[in-house]
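These notes concern the structure reproduced below.
The values are calculated or read from the model by the stated rules, or taken from the named source; none is laboratory data. A quick note: this is a predicted structure, and the numbers were derived from the prediction, not measured. Glycine also receives a Cβ, built like all others from the backbone with ideal geometry; neighbour counts cover every protein chain displayed. Just so you know, the surface numbers come from the protein's heavy atoms only, side chains and all, with ligands and any DNA or RNA stripped out. Shrake-Rupley method; radii C 1.70, N 1.55, O 1.52, S 1.80 Å.
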Amino acid sequence: MMNKDVMIGLLIGIIAPIISFIVYVVLYRGDTLEYFISNLITDRNLPAIISLSLLTNLAIFFLNIRIRRDDWARGILLATMLYGFAMVILKFT
């Protein structure tokens, strides 16, 4: 059974890239989310978009290591590995 803090880190690690993706599309690009998803995301560039969104996890991971929340960092690392597994599946299917 996983520790409560690892589960919190896992949840943060799953949600943070999604939020950073939405912020990037809406604020930086100025597009609507529906337009970006329907027109600009293809099967070929989806793994690249996911990997850029995971940069948020990198920053949060090192922040948690720095402030000694090792269990949260472990959960964020687990979420990043799950995203990596999903990227491999998307890339080769």
Filter the range 20-52 for residues that are at pLDDT below 75 and under 20 Å from ALA86 (Cα atoms); the one that is most open to solvent (accessible area, probe 1.4 Å) is ARG44
Just to verify a result, which residue in the range 45-73, among those that are among the charged types (D, E, K, R) and part of a helix (DSSP H, G or I), is farthest from MET7 (Cα to Cα)? ARG66
Kindly establish whether VAL88 is without any contact (Cβ under 8 Å) to a residue 60 or more places away in the chain and either open to solvent by less than 60 Å² (accessible area, probe 1.4 Å) or among the charged types (D, E, K, R) (or both). no
Count - residues of the range 2-37 that are of a type in the set (Gly, Ala, Ser) and touching a Gly at 6+ places or on another chain (Cβ under 7 Å): 2
Could we say that LEU78 is open to solvent by 50 Å² or more (accessible area, probe 1.4 Å), assigned to a helix (DSSP H, G or I) and without any contact (Cβ under 8 Å) to a residue 60 or more places away in the chain here? no
